[in-house]
Each structure stands twice: as C-alpha cells, then as structure tokens.
Amino acid sequence: MAQAKRSNEDESLVGEYTLPDVLKCGDGTVVTTASEWTGKRRAEVLRLYEEHVYGKTPETPKLDATVTSERKDALGGLATRRIVRLSMKGQPKWEGIDVMIYIPNAAKKPVPSFIGLSFGGNHAVSPDIDVPISDRWMRPAQGDTVRNNRATVRSRGKEAHRWPLEMILERGFAVVTAYYGDIEPDHTQGWKDGVRGVLAEKGADTVWKDGEWGAIGAWAWGLSRMLDYVETVDSIDAKHCSVIGHSRLGKTSLCAGAQDQRFAMVISNCSGEGGAAIMRRNFGETTKIITTSFPHWFTPTYARYSDHAADCPVDQHMLISLMAPRPVCIASAAEDLWADPKGEFLSGLNAQPVYDLFGLKGVGVKHQPMVNTPVGDVVRYHVRTGIHDVTDFDWQRYMD
Ligand code: GCU
C-alpha cells in the first residue's frame, strides 16, 4: 500500500531487538505449566494489553436483539439470511449493530461459523440486492461508492470478493457479519457516535485516558456481542465460531480473540502493525506512524511507544500467545510490506513457548515459508502472492 510516511522496507536495516519473555511473570517467576499460564500469566498479559495497547473493555448491559428481516431462499436457495439489530436499552443515540447472518439450508445439524466485521456494510458484502444499504457514516472511498460519508448504491457488493459467501456456505459454515462503523465510526471523533461515547457519557471535549479503550477495543467488543447473539441461534454451533478480520479489522479480531475465549479460532488476515506484526521490528508501518494516523484505534498509552518500542512490556507474539491453546491463523500477502509479513510470521513463531505448555505444535518451522506454502498446525501461517486483501486462497486455508 503506498504510504506518504517514511518507513523501512529493507530487511538488512531492521536491526537487533529482544522480545519480552512471554513466560516471565511480573513477580519474576517463570511459568512452566499450562495451568500456571491459564491461572496466572495469561491474565497478566491480557492486562498488559489493556494498559498499553487496546485499553480495557468495560462491562456492558446485555444487548437487545430484534430480527428485522429473514429470507429462507437467499443466494438462490443456498442459505437462510437473517438481519438482526443489536441495540442497547435506554441508549437510542447509539443505533446499534445490524448483524447479517447466512446459514446454509443444507445443514442437518448446527454449523460452525465465521464471525467478522466488514469495511463497507452488509450490502457491500452480499450480492443479494434486497440487503438494505447502510445509512451510517463511512470513510471516503475511491470511485463513487461513498458520497458525503454515506454509502451510495454503487457500493453494493463492493466487498463481496472478500466474502465468498457461496464457497463458505457450500462448505457448511455460517457467516455472521456486520459493518464495523455500526459500533463506532472510524475517525478520531467517531467515539461520540459510537458505543464508547454512549457508555462513557463523556463530553465533546473529552480526552481519552491511558488504559481506556480505543476503537479497536470497541469493534472487538461488538464481535463478542455478535457471538452472544449466535449463542441463541439453534442452527449455529456457538462452540465452533471463528473470529476473522482483515487489516485494521484483523487487529480487531486478534483483540477480540484475546479478550473473549469463546471464539474457538482466531484469524488475522494482513493485520500488520498493532495486529500480528512484531512491533520491535523496524519494518513497514511503525508504532509512531499508526498512532499518528489513527490515534483513536488504541488506548492513549500506546502512542508513548512511538520510537520506543523496546520500552513496551508486550510485543505481538504475546498477543498470539493469548489465543493458546486455541487455533490461530496468521496470513500475510507478499506485496503487503506495509504490514510486515515476516513480522507477522515471527509473532506466530514466538508464541510457541505458550503452545508448548499445552503440548501443541505451532507454526512448526523456524523460518518464514515461501509464498503459497502454508505451514503450521495449531498456529498456522501463510503468505500468499498478491496485495493487501482477502482472497479465496486465504479462505480455503481458514476452512481447511
Ligand atoms: C492503513 C493502516 C494499517 C491498517 C490498514 C487497513 O494502511 O496504516 O495499519 O491495517 O490501513 O486497515 O486497511
């Protein structure tokens, strides 16, 4: 991705760095068993992520669910499509999340599912022309798909290539998705119209404090609320829900998987800086660049590690470790240097000490594999040819 800001894309200039020891507790002891990890260190690492990276997700009231439409013959009869609005009692200012669910009609028993947010809204994901066009705030986009921060009719299906619904449904999975901007619009002041603002009841001059949640935390919270709803749907097996996300939404799916262990598998597609990429590696996007361009994504503390990554008590192998013993898939694209494909691999590799505690094999190789050569067992990694995107190749890996 072309970026105006300077970043290093020369492997020989990366330099030396030392990763924090994921097994070493705050009191200096070193975890040696799975139960010590689960009972002690895991909570510590999660807290470090709250304090230093994504902020703390507050407890929230249960959301109300209202089915707004259902079609049993969606996608030419392949699936049943339901749209459900999740909203918060007593908070009319926040319109809620419109969750779109496709369930394969051929299923004889509850199906596993993929839960993920989209960049463009349900109508952009689906080829069905009766899916309502989102009327929420949207980031400006190329072409004529967004005008005055609102989706136009031209945005129908524009994200469908990233959501190969037919392929996924034919393989027997349900798809559960929503527009990330339903939870919070993605701009620095977006919190005012999103769930963070509504819950905090903060004024317009609010400055978010260290340790308070940022937009990624809010979007991740939304994914958990979608899973709450899925738990009430008989035809979906809520114990086998994978959380998936691309790019900033890949950072979000990792954050969701870390905080909510009900997600059975966690998928990071090209998540890059603040996601799967090792922050101490000086390659591609940096902490400074990301916290300058997108300060609202993180807790304010995180920006202090701009040019001081070595001072941060976590690095992203610790985020991947929070998924253990669950499966995690990390995917990169060869041309997506901005996201640091090698750094994304290294976080998976360096999560191995925690997977070892559970006797589980992670990526299973010491070096980043060649393109289009997936590796790994419980921690899977692949780098495919091409650009920053989600492709059928990626989906095949996630469904296998
Ligand atoms: C920008 C940003 C990345 C992010 C990406 C995206 O490129 O710098 O960190 O992953 O947007 O979400 O598309």
- Message: Please give me, ordered by residue number, the chymotrypsin sites (Phe, Trp or Tyr not before Pro) of the stretch 144-232 that lie in loop per DSSP and have at most 11 other Cβ atoms within 10 Å.
- Response: none
- Given a Förster distance of 45 angstrom, what is the FRET efficiency for VAL153 paired with LYS361, based on the Cβ-Cβ distance and rounded to 0.05? 0.40
- Note on the structure: Which of SER118, SER12, SER253 fluctuates most in a GNM of the chain (C-alpha springs under 10 Å)? That residue is SER12
- Query: Around LEU19, which amide H atoms from residues at least 5 apart in sequence, or from another chain, sit under 5 Å from its own amide H, with H modelled in the peptide plane?
  - Reply: none
- Item | Amide H within-cut-off set for THR152, under 5 Å, with H built and near neighbours excluded | VAL146, ARG147
- Query: How about LYS24: which lysines have a C-alpha closer than 19 Å to its C-alpha, ignoring those fewer than 8 places off in the same chain?
  - Reply: LYS40
- Query: In sequence order, what are the phi-derived ³J(HN,Hα) couplings for the stretch 57-66 according to the Karplus relation 6.51 cos²θ - 1.76 cosθ + 1.60 with θ = phi - 60°, rounded to whole Hz, with x for glycine and proline?
  - Reply: 7, x, 5, 10, x, 4, 8, 7, 10, 10
- Subtracting the Cα-Cα distance from 0.36 nm times the residue separation, let me have the gained length for LYS108 to ASP392 in nm, one decimal. 99.7 nm
- Among all helices in the chain defined by DSSP H, which have a length of 18 Å or more along the axis from Cα atoms plus a Kyte-Doolittle mean of at least 0.0? 215-230
- Query: Per residue, how much accessible area does the stretch 78-175 have with a 1.4 Å probe, in Å²?
  - Reply: 46
- About its Cα centre, the chain carries a charge dipole, from +1 on Lys and Arg Cβ atoms and -1 on Asp and Glu Cβ atoms, whose size in debye to the nearest 20 is 520
- Please list the non-local residues whose amide H lies under 5 Å from the amide H of GLY386, H modeled 1.01 Å from N, same-chain partners needing a gap of 5 or more. ALA334, GLU335
- Query: What is the gain in length, in nm to one decimal, between ALA200 and THR232 on full extension, counting 0.36 nm per residue of separation less the C-alpha to C-alpha distance?
  - Reply: 8.7 nm
- Note on the structure: Phi angles of the stretch 68-81, converted by Karplus (6.51 cos²θ - 1.76 cosθ + 1.60, θ = phi - 60°) into ³J(HN,Hα) in whole Hz with x for Gly and Pro, give 9, 7, 8, 9, 8, 10, 5, 6, x, x, 5, 8, 9, 10
- Note on the structure: Result for the stretch 294-392: accessible area per residue, probe 1.4 angstrom, in square angstrom, of 36
- Message: Counting only helical runs of four or more DSSP H residues, what would the 222 nm mean residue ellipticity of the chain come to if each run contributes -39,500 (n - 2.57) and the total is spread over all its residues?
- Response: -6500 deg cm²/dmol
- Note on the structure: Sorting ALA79, VAL125, TYR49 by the position of each Cα along the dipole of the stretch 43-139 (Lys, Arg +1; Asp, Glu -1; all at Cβ), the one nearest the positive end of that ordering is ALA79
- Query: Pairs LYS109/LYS158; LYS209/LYS366; LYS62/LYS239: which are spaced more than 29 Å apart, C-alpha to C-alpha?
  - Reply: LYS109/LYS158; LYS209/LYS366
- Using only alpha carbon pairs under 8 Å that are at least six residues apart, calculate the relative contact order of the chain and give it in whole percent. 17
- Please give the peptides 300-308, 271-279 ranked by average Cβ packing (other Cβ atoms within 10 Å per residue), highest first, as a rough proxy for protection. 271-279, 300-308
- Message: I'd like the antiparallel share, as a percent to the nearest 5, of DSSP beta bridges with both residues in the chain.
- Response: 45
- Message: Can you compute 3J(HN,Hα) from phi for each residue in the stretch 22-32, using the Karplus curve 6.51 cos²θ - 1.76 cosθ + 1.60 with θ = phi - 60°, rounded to whole Hz and x for Gly and Pro?
- Response: 5, 8, 8, 6, x, 8, x, 6, 10, 5, 10
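The values are calculated or read from the model by the stated rules, or taken from the named source; none is laboratory data. Because the structure is a prediction, the values reported are computed rather than measured. Every residue, glycine among them, receives a Cβ derived from its backbone with ideal geometry; neighbour counts consider all protein chains shown. Heavy atoms of the whole protein, side chains included, go into the accessibility calculation; ligands, DNA and RNA do not. Shrake-Rupley method; radii C 1.70, N 1.55, O 1.52, S 1.80 Å.
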